[in-house]
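Trainee: Dumping the structure here so I can ask a few things about it.
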Amino acid sequence: IIQKTDKKILKIMEEAYSKKINCFPKARHRAIMWGGPACYWLQFPSWLYNCWGILVVAAMDIFSGNVTISTDSLDAALIDVARNFETGIMRRHLTGGYQHTLEFWEEAEKFNCDMVVLNNDITCKGALGLTGVIMDQAQQKDIKLMMVSNDMFDHRTISRQDMRDEVNRFMTSVMAEEPLDPSLMDLDDDFG
């Protein structure tokens, strides 16, 4: 069933690409989202797009490496799959080296992003130690850095509304922009 669905989706995508259909006409910014999933709020990228026109084109938690998997032979495919796991983002983070935590700048450039949304998880002490380094690097880049505080495991510590408020302040003060949909700036997360 998955293969049938994949084929249908691929056909729709190829048709849209050939017709040059803009699937995200409200996009003002292309962003990469870095850090673990903020408060496990899977709709955060959708909210960023609908409220502020920030199109999240890639996120750290979906990276498992940037290895193209060869389909020429089973052996070649297995070698590439192994290399993909070997170079995966979270694997590199967990096996050391601060430079792996800072590779989002390269990924942002690869994806032609003008913004990085950094999920600044207050429970991730290793990343917190790099906040100053990240901010210094942000000043050297031509990519805006929006740090959004969150607590991945307890949304009562920093609520989703607290996160939206941080984004709202950044977009109005630093970016000097107005929201696409002001009604989305303040939401009741308990509704529904």
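Readers should treat all values here as calculations from the given coordinates under stated rules, not as data from a laboratory. Here the structure is a predicted model, which is why all the values come from computation and not from measurement. FYI the Cβ positions are ideal-geometry reconstructions off the backbone, even for glycines, and counts take in every protein chain you see.
Trainee: Computed FRET efficiency, Cβ-Cβ of residue 24 and residue 177, R0 22 Å: what is it to the nearest 0.05? Intermediate results must be reported in sequence, preceding the final value.
Mentor: Numbers: r = 17 Å, r/R0 = 0.75.
That pair, residue 24 with residue 177, gives E of 0.85.
Trainee: Measuring from label point to label point, each 7 Å out along Cα→Cβ, what is the residue 159 to residue 14 span in nm?
Mentor: Result for the modelled spin labels: 4.8 nm.
Trainee: Taking a 29 Å limit on the Cα-Cα distance, which of the listed pairs 19/110; 26/110; 4/26; 26/144 fall beyond it? Don't skip to the answer; put the middle values down first.
Mentor: Numbers: 19/110 24 Å; 26/110 22 Å; 4/26 31 Å; 26/144 19 Å.
In this structure, 4/26 exceed 29 Å between Cα atoms.
Trainee: Evaluate the distance, in nm, between pseudo-label points positioned 7 Å from the Cα of residue 140 and of residue 73 along their respective Cα→Cβ axes.
Mentor: 4.4 nm
Trainee: I need the phi-derived Karplus couplings for segment 171-187: 6.51 cos²θ - 1.76 cosθ + 1.60, θ = phi - 60°, integer Hz, Gly and Pro marked x.
Mentor: 5, 7, 8, 7, 8, 6, 10, 9, x, 5, 9, x, 5, 8, 5, 10, 10
Trainee: Apply the Karplus curve 6.51 cos²θ - 1.76 cosθ + 1.60, θ = phi - 60°, to the phi angles in segment 140-148 and return the couplings in whole Hz, x for Gly and Pro.
Mentor: Each residue of segment 140-148 in turn: 7, 9, 9, 10, 6, 10, 10, 8, 10 Hz.
Trainee: So which trypsin sites (Lys or Arg not before Pro) in segment 121-189 are both in a DSSP loop and have at most 13 other Cβ atoms within 10 Å of their Cβ? Before the final figure, lay out the partial values.
Mentor: Details: sites: 125, 141, 144, 156, 160, 164, 169; in loops: 141, 156.
Within segment 121-189, the qualifying trypsin sites (Lys or Arg not before Pro) (loop, at most 13 other Cβ atoms within 10 Å) are 141, 156.
Trainee: At a Förster distance of 25 Å, what's the computed FRET efficiency of residue 83 paired with residue 7, Cβ-Cβ distance as r, to 0.05?
Mentor: 0.40
Trainee: Among the trypsin sites (Lys or Arg not before Pro) in segment 1-34, which ones are in a DSSP loop with at most 10 other Cβ atoms within 10 Å of the Cβ? Mind listing them?
Mentor: 19, 20
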